[in-house]
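What follows is calculated from the coordinates using simple rules that are stated; it is not laboratory data. From a predicted model like this one, the values you see are computed outputs, not experimental measurements. Because the Cβ atoms are built from the backbone with ideal geometry, glycine has one as well, and the counts that use them run over all protein chains shown.
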Amino acid sequence: MHGSPDGLTGAVPIRDRTRRGRQRGLVLLVLVAVVGALLLSPRPGRDEAVAATQPCGANDANRASLATGQGVALHPCLSKVNLRLDIPRTQTANVGCGVFWLQACFADGKWSITGVKRSDAQTVKFADGTTESLYRLTFKQFSIIKDGSLTTTNGTGYTLKILPDSAASLGGSVSGTTIYTDLWVTGASMIYLNFLTFNCTSGARVDNGLLALSNIIDISDTGCGMTLDIRYAVTTSVGANGDINGVYSVALPDTTIEVS
Amino acid sequence: MRRAWAVFTAWRRTRPFWGGALLVLGGGWIVRLMSYPLLVAVSGGWNSSAGYIMGGALILFGLTAWFAPLYGQLVGILGVLAALAAFVGANLGGLFLGTLLGIVGGSMVWSWGEKPVRLKGSRARVA
Amino acid sequence: MTTARLDPIHESVSSRLGTRWGRACVMALLATGVVLALAGLMRSQVLATSFVVQGSTADFATSQVTGTDVAFAMTTIDTKSAAGAVTSRPVYSAGFATGQLDGLCLSQAQSLGPLGTFTLRIEAGDGVAGTTEISASNMQFDLTRLRGTGSGIKLDGMVQLGLASSDVTTTPGTANPLGAPTGTGYWGIDATAGNIANVRGTLYDAQIIGNASLPNLTITLTPGTGSSCANSPLPK
Amino acid sequence: MTGTSSRASRRLSPRERVSRRTTVLRDRLESRTDDMLARSRSGRRGTRVRALPMMGTGLAAVAAMFMLVSQSVLAVNFTTSDTAYRIYTDRVSGHYAASYINEQTTSSGKKAVVQFGFKAASLNGFCAITQQNLPALGTVSVIITAGEPVDGTTTAPAGQTIEANWLYLASDSLKGNGDQIAKMNLGQSADTLMTDTTAFPGTPGGFGLQAEVMNISKLDTASYGIGLDGQISLPNLKIRVLPGSRTYADCVSS
């Protein structure tokens, strides 16, 4: 296409003029097409709308309804993750173990409590709406003296380990205030202590009916081991709503927490 | 060799050589002070490319003065303006030095031209 | 718009002036190419919308951290590798509605190819033991390891273990403050206050959503890994 | 395009064509050189006196601009990536800050730096010291000061606050008092960093810091680069060139 200087326009043959017009149109069309394509081309948008989900099902309907041994009502939303409290036994002798329960075949003094109660089986609801039959253990002034570890066993894609070097308090060793630790555990959890007919060799399953006797007899004791599968635990004080203030009911000195 | 020098001298005398040289120098200094990696300058927008643009313009004007002395007057004015713009746009004109060289060089390029012929023997050095 | 189509016209009326479309097209195409290349360069810096953290853990240390409305809960974070692959990882998130620290040290080693490995170290604190001079509100640390020596980890108030991570509370009125996945499978602790002494650990990221003051803040970059917070004395 | 000539040369062999071209070019060059030599002998050309008014005008314009900048009417651009600066300020109030580990290309090879970005920063006093090794003169320090005197105390006199937009620093050390920092993430993947709504990306998977408010007082950085994507106002601007290596103490002009 040849745009001539204005003064020469008259000299352009008609055939050429129409061709020039066509070219002009073509160029214009291309320009419009390019600009239009640029303007209309899709731009990456940001999708930030994330559906808000309630922590515990629709209308929080999946909250558990629990009460501590001291009668404090709680409505937690439970993770369904099992936390295993493992206090392994240390064998000190192997003669006559389990025959005479008085024979101390295992080191005592792994943990201590000043009172224990066990509830009847309760149906506990988890965040996803499923339920499980659990027993509530209420420990008074619960302390791990040594060798305790807390490990999750069924977390989604992880294992969390809470590893105190030695002692740990989950409601014990607090001066001035009595702390209760309520633990909702599976029936298969084991407590190893020398009490009534129980001994450190065979231990006591939590769902053992005889353990309910502890509700009547308040025992103050130390034990030689424990394997608790804890679904939920809470520390409370004696007050009406169980509040504790400024006494650090949980103390884990020299402790490592690890995620793997 | 001697002819080459004579040719260079002739070349130098037939164009605003020193003004152009100052423009190139000033532009180079501004580019040096703002030197970004080229990719960063390109993606970083105006501020990181201003050194290249301002300094580059000064260099370009200087070279134009050399190789197309016909445009000397235009390029001289543009050089002065670019040097002024560099003060705002490029590190205070390369901490002043670039702007200064640009203004002097641009003015020299702009004013370059025929001078009244002096008497023989008192030939001034051609700037 | 091709040169071939326009050339005959050009030759038939070669004496007249006008835009030489062949040249114009070449020039325009070249220029358009450059512009597109630049646009491509810029577009490669894609805007990120979700919160993605670094691909490796940083070391951190503090003499003491105390806080109110404390929660520790398993959550997941998206980490990005140097190759750009995003991986979801479980982390143990510690959240504090308000927190005070006695010194803070955070260091991250990063390889810079031929330049070697460099350690970025962020430090703050007044250098006096026992003063919790760093204060912050609404903090979250996404940990993989934490060790508190001496009095270690202490939790106050009604301490609940086994909550769904999305049910823990830190800052009042904030639902799911740690951004945990909802439903089951993520284990959490909730407490009204907490104190961790002589802390060392590794974390993917730390967030201070509220206000913080970091006296004597220093950020340094040094070659090698010698200046890692894991090796140096606890910051005060 | 050059129809006839190219068509004619098509009949020649390539070598003939090349030699013909070179002869033509050489002839043209020679005749031009002769012209030039002749012209250089005829008449006198050079820089004329009218350069002076032009120069004067230009210099006056720069002086005026310097005044405007110094009265913070005019904002300027100040960016560098190759010069080591020591930067001090009594207090920087940054909004939307981000930082990551980066490698900076300098004329002396690559350097590892911490790259800082501020969407908006106001500074109480600014002092930048750079050392240049000049031939013959040895080491000289260029000290650029602006705003209130950088003496460690924030006095914030009216009209002396330095405002900068889209300020970037590439440093290998930064010291100061972080007296107000809000919405800070440490450890964010560096390629997802944002200064407000603008991406400030580092390497994927690298360590990133991002904060919405970052106020640091008594700032002292060793920087290899200063970047601006906006402008900086420099009230009370002073540029001093002093011999030798200068330090923080020289920020306060005597």
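Summary of computed values
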| quantity | calculated |
| --- | --- |
| Residue C:78/residue D:196 FRET efficiency (R0 25 Å; Cβ-Cβ; nearest 0.05) | 0.70 |
| Segment A:115-177 and segment A:219-249: distance between their alpha carbon centers, rounded to Å | 8 |
| All-pairs Cα distance distribution in segment D:168-254, expressed in whole percent, bin size 5 Å | 3, 10, 14, 22, 23, 10, 7, 8, 3, 0 |
| Highest-first arrangement of C:226-232, B:10-16, where packing means the average Cβ count within 10 Å | B:10-16, C:226-232 |
| Candidates C:155, C:36, C:146: whichever shows maximal mean-square fluctuation once chain C is modelled as a Gaussian network with Cα springs under 10 Å | C:36 |
| Candidate lysines for bridging to residue D:111, where Cα separation is under 21 Å - those fewer than 8 sequence places away on the same chain excluded | D:175 |
| Hydrodynamic radius by Kirkwood, which averages 1/r over all alpha carbon pairs of segment D:38-125, in angstrom | 18.2 |
| Neighbour-count ranking [beta-carbon atoms within 10 angstrom, fewest first] of D:95, A:75 | A:75, D:95 |
| Modelled FRET efficiency - R0 25 Å, residue A:132 with residue A:75, Cβ distances, 0.05 increments | 0.90 |
| For segment A:64-259, radius of gyration divided by Kirkwood radius, i.e. Rg to Rh on alpha-carbons | 0.95 |
| Proxy reagent accessibility, fewest Cβ within 10 Å first, across B:66, A:184 | B:66, A:184 |
| Whether the protein assembly as shown is rounded, prolate or oblate, judged on the alpha carbon gyration tensor where a/c under 1.5 counts as rounded | prolate |
| Computed magnitude of the charge dipole of segment D:36-103 (debye, nearest 20; Cβ of K, R +1, Cβ of D, E -1) | 900 |
| Neighbour-count ranking [beta-carbon atoms within 10 angstrom, fewest first] of C:59, D:179 | D:179, C:59 |
| Segment D:77-249: C-alpha gyration tensor shape, a/c 1.5 cut-off, then a/b vs b/c | oblate |
| Exercise: per-residue mean of other protein chain Cβ atoms within 10 Å, D:170-178 | 6 |
| GNM top mover of D:227, D:46, D:117 - chain D, alpha-carbon springs below 10 Å | D:46 |
| Average beta carbon contacts from partner chains per residue of C:22-31, 10 Å cutoff | 1 |
| Mean Cα-pair separation over length for segment A:64-259, i.e. relative contact order, pairs under 8 Å, 6 or more apart, % | 29 |
| Average beta carbon contacts from partner chains per residue of C:52-61, 10 Å cutoff | 5 |
| Sparse-neighbourhood loop sites, chymotrypsin sites (Phe, Trp or Tyr not before Pro) in segment C:77-146 - DSSP loop, at most 13 other Cβ within 10 angstrom | none |
| Rg/Rg_ref, chain C, where Rg_ref = 2.2 N^0.38 Å and atoms are Cα | 1.59 |
| Cα gyration tensor, segment A:112-193 - rounded (a/c under 1.5), prolate or oblate | oblate |
| Net charge, residue D:154 excluded, C-beta distance under 12 Å - Lys, Arg +1, Asp, Glu -1 | -2 |
